[in-house]
Every structure is written in C-alpha cells, then in structure tokens.
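Shown next, in structure tokens, is the structure this report addresses.
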Amino acid sequence: MYSSATSPTASRIGTAQRPPSTGTVRRPGPKPALPARPAGRIEAPGFLPRPGERLLRPRTPQAAPVSEGWSRVDNTALAAPAVRAALAHITRICPAFSARQVLREDAAHILITGLIGRTPVVAKCLSPQAVQGESRAVLVERFRREVSVYRAFVRHRPPVRMPRLVAADHDRCVLVIERIPGRIAATERHPANAPTPGEVRAILGSVRSLNLWRPPTDVFQQPLDYQFEIGRYHSVGQLTDRDAGDLRQLLHGLQHTGWQLCHGDALLGNIMLAPSGPVLLDWEQAGWYLPGYDLAVLWSVLSGDTAARRQISQLAQVGGTMARDAFLVNLTLVLMRELRLYDVPGAGEEQRLMIRRLYDDAALARRAVRAAVGTR
C-alpha cells in the first residue's frame with residue numbers, strides 16, 4: 001500500500017481472475033452475533049445481502065437515461081397499493097407531481113419517477129414493509145438523516161455535483177429530488193469491470209473535493225463510533241487481540257486530528273457519471289469521519305484495478321503520517337464490514353473468489369497497520 005512490498009497485487013478482474021491461493025478457503029460456520037450498537041448510532045454504511053445472495057446488486061434506478069420513457073406511464077405499477085400510499089404522501093408536499101414509472105420497490109424504499117411541470121424528478125419514500133418491520137427505527141433514522149443532509153446542502157452548497165432538493169417531508173419520510181441524466185459508475189458492489197482510468201480520476205477528484213470542504217461543524221454528525229466498531233469486530237473474532245490493540249494505538253495518536261466530511265457510502269453504485277461529471281447520490285451516511293473514509297471505501301471495492309488502488313493510496317498519504325494512519329484505521333474497519341457481509345455459509349463460487357480477495361486485502365491492511373504502529 002505504501003511501498004512495492006505492500007502494494008496490492010490483484011490482477012484486473014475484467015481480464016483474468018487471481019489464481020487461487022495454495023491455502024484452502026475457509027468454509028464459514030455460524031457466526032457469533034455482533035454486539036448491538038449504542039443508542040443513537042446507526043448501522044455502518046453498506047448493502048446488506050442475505051446469506052448466499054449473489055454479488056450483483058440490483059440495477060439502481062438512475063442507470064436509465066432521464067429521457068427514456070418519459071412519455072410512457074406505467075399504470076399497472078402505479079396502481080399497486082403500496083405505490084398509491086406513497087403517491088399520497090408525495091402529492092401532499094408536491095401537488096404538481098405527475099407520476100410516470102416505479103423505478104424501484106423493495107423492502108426498504110419505493111422510488112417513483114415523474115414530472116413537476118417539465119422538470120424530471122425522483123421521489124423516494126419508505127415502503128410500508130419498512131415502516132412496519134423490525135428495522136423501522138434504523139430505516140427511519142437513516143431517511144431523516146438524508147433529508148437533513150439535503151436541507152443542509154441548500155444552506156451550505158457543497159463543491160460537488162449532487163441532485164437538487166425539490167421537496168421533503170421529514171415526518172412522513174418523503175424526499176423529492178431532481179433526476180440527473182447519466183449512468184451509474186458500476187451496478188455491482190464489487191465490480192468485475194472497473195470504470196475507465198479517466199472515470200476513476202474524475203470520481204476521486206469529486207470525492208476529494210468533498211473531503212477538503214469545510215462546512216460548519218454543527219451541520220453534520222459523526223455516524224461512526226470507531227472504538228465501538230473495533231470492539232464489535234474483536235468480540236466476534238474478526239480482529240485478533242493484536243489487531244485491536246494496534247488500531248486503538250493508532251486511534252490514540254489521532255485524538256487531535258481534524259475530522260473530515262465524507263459521503264460515508266462512496267460505493268460506485270452511489271456515483272453517477274453524468275455529462276457534467278460525477279454526481280454523488282444517497283447521502284444518508286454523510287458526516288464527519290476520520291480522514292480517508294471515502295477513499296477506504298473506494299479502495300475496498302476496486303480490487304480489480306491496481307492502478308486505481310495505487311492512486312487512492314497516494315492520495316491517502318498526501319496529508320502526512322496522521323492522514324495515512326487514519327486511512328488505515330478506516331480501511332481495516334471497512335474490510336471487516338465487507339467480510340461480515342459476504343463471508344456467509346452457502347456462498348457460490350463467484351462469491352468465494354471475492355471472499356478470498358477480501359481476506360487477502362485484510363491481511364495487507366493488517367501488515368500496513370503493524371508497520372505504521374512500528375514507526376511511531
């Protein structure tokens with residue numbers, strides 16, 4: 001990561017898969033439950049697949065061009081009871097909203113595309129299943145955080161491209177934003193084919209512009225409790241005693257390091273490549289993190305692009321030793337989260353290959369953390 005001896009060696013997935021290591025991939029058994037987070041803390045950012053689920057994420061709704069199908073109204077989908085209930089909430093705050101199509105309906109959200117006058121917009125609501133389910137409190141908290149972020153960006157304009165807020169209802173969990181033409185950078189969480197080098201540079205440029213921005217400190221929260229996250233992964237055996245001790249030692253040295261505004265979920269699926277440049281979507285995890293959190297997220301999902309990872313590692317060290325240490329803490333926790341999500345019983349061959357790469361990446365991060373501790 002910081003020298004030729006520790007730089008990632010993963011080959012580009014689009015051309016050739018990494019040959020299996022000589023060791024046998026561990027077949028995981030039942031995992032111990034993670035300790036519950038303290039009240040007021042939200043779940044760490046990330047897509048939560050079901051056990052054995054394929055790696056492909058559902059195609060995100062923004063992948064379709066804005067101009068496609070605006071003249072066609074999907075009356076069948078719009079007539080569904082859950083959609084009609086969502087439309088009632090939407091038209092309460094946007095009476096001029098004219099629904100066109102249901103972009104996505106799942107257990108958490110309903111996304112409906114439509115027009116307000118001649119302006120294409122996307123309305124996002126919580127689904128009835130989410131409101132009535134066990135995870136209601138978490139989903140409502142996330143949604144309200146996203147509404148708060150969009151409202152904050154109206155008062156404090158960020159230096160990156162993002163959808164413009166049209167209307168929002170904090171109590172009913174309704175968000176209406178402009179729809180921007182473009183395509184999603186990747187439809188998979190861990191894409192087999194990474195974006196082009198030019199697209200990667202543009203994405204990193206947008207992320208860095210956001211990270212270097214300094215809005216008022218009281219506008220955003222701190223979504224992640226680093227000490228608690230280390231304890232959680234240590235308690236279930238993902239971090240050894242030495243790993244946890246090394247990370248806590250780095251955290252101790254970062255006590256006086258300034259926090260950095262991060263998107264918090266800078267996956268390629270949350271970045272749209274528009275004609276005007278990258279557009280960041282899904283801001284529910286935005287807040288103050290240790291420096292380099294967004295870079296760590298991008299590094300973790302670009303295993304097939306060694307050049308992109310090298311760029312990210314170089315950017316993470318621009319701020320000096322403290323910035324490097326913060327990036328390593330972020331990277332280790334992000335990789336632990338990815339392993340927790342995907343290292344499940346019943347995984348298929350494609351997922352087992354990805355799990356092996358994640359374990360290789362985690363070992364690389366551990367070595368880098370130990371080297372950083374040794375230089376203190």
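The set of residues from the stretch 206-223 being at pLDDT below 95 and buried (at least 19 other Cβ atoms within 10 Å of the Cβ) comprises Phe220, Pro223. Against the list (1) in contact with a Ser or Thr (Cβ under 6 Å, 6 or more places away or on another chain); (2) farther than 18 Å from Arg189 by Cα, the condition Arg357 fails is (2). When residues in the stretch 211-259 are screened for being outside any helix (DSSP H, G or I) and touching a residue at least 60 places away in the same chain (Cβ under 8 Å), 16 of them pass.
Suppose we filter the stretch 189-240 for residues that are among the hydroxyl-bearing types (Ser, Thr, Tyr) and over 24 Å from Leu335 (Cβ atoms); how many remain?
Start the filter on the stretch 189-240 by keeping residues that are among the hydroxyl-bearing types (Ser, Thr, Tyr), which leaves 196, 206, 209, 217, 226, 233, 235, 240.
When the remaining residues are screened for being over 24 Å from Leu335 (Cβ atoms), the result is 196, 209, 217.
Summing the residues that are among the hydroxyl-bearing types (Ser, Thr, Tyr) and over 24 Å from Leu335 (Cβ atoms) in the stretch 189-240 gives 3.
Of all residues in the stretch 163-178, one or more are surrounded by 17 or more Cβ atoms within 10 Å (Cβ to Cβ) and within 18 Å of the chain's Cα centre (by Cα). Of the numbered criteria (1) at pLDDT below 80; (2) outside any helix (DSSP H, G or I), the one Ala99 fails is (1).
Among the criteria (1) within 15 Å of Leu280 (Cβ to Cβ); (2) in contact with an Asp or Glu (Cβ under 8 Å, 6 or more places away or on another chain); (3) among the basic types (Lys, Arg), the one Arg142 does not fulfil is (1).
Checking each residue in the stretch 249-273 for being surrounded by fewer than 17 Cβ atoms within 10 Å (Cβ to Cβ) and in contact with a strand residue (DSSP E or B) (Cβ under 8 Å, 6 or more places away or on another chain) picks out only Trp259.
Could you pull out the residue among Val147, Val154 that is in contact with a Leu (Cβ under 7 Å, 6 or more places away or on another chain), exposed (fewer than 15 other Cβ atoms within 10 Å of the Cβ) and closer than 26 Å to Val219 by Cα?
Within the list Val147, Val154, the selection yields Val154.
Considering each residue of the stretch 91-113, count those that are more than 26 Å from the chain's Cα centre (by Cα) and crowded, with 18+ Cβ neighbours inside 10 Å, and give that number.
So the answer is 4.
The values are calculated or read from the model by the stated rules, or taken from the named source; none is laboratory data. All figures in this text were calculated on a predicted structure; none of them were measured in a lab. Virtual Cβ from ideal backbone geometry, glycine too; neighbours counted across all protein chains shown.
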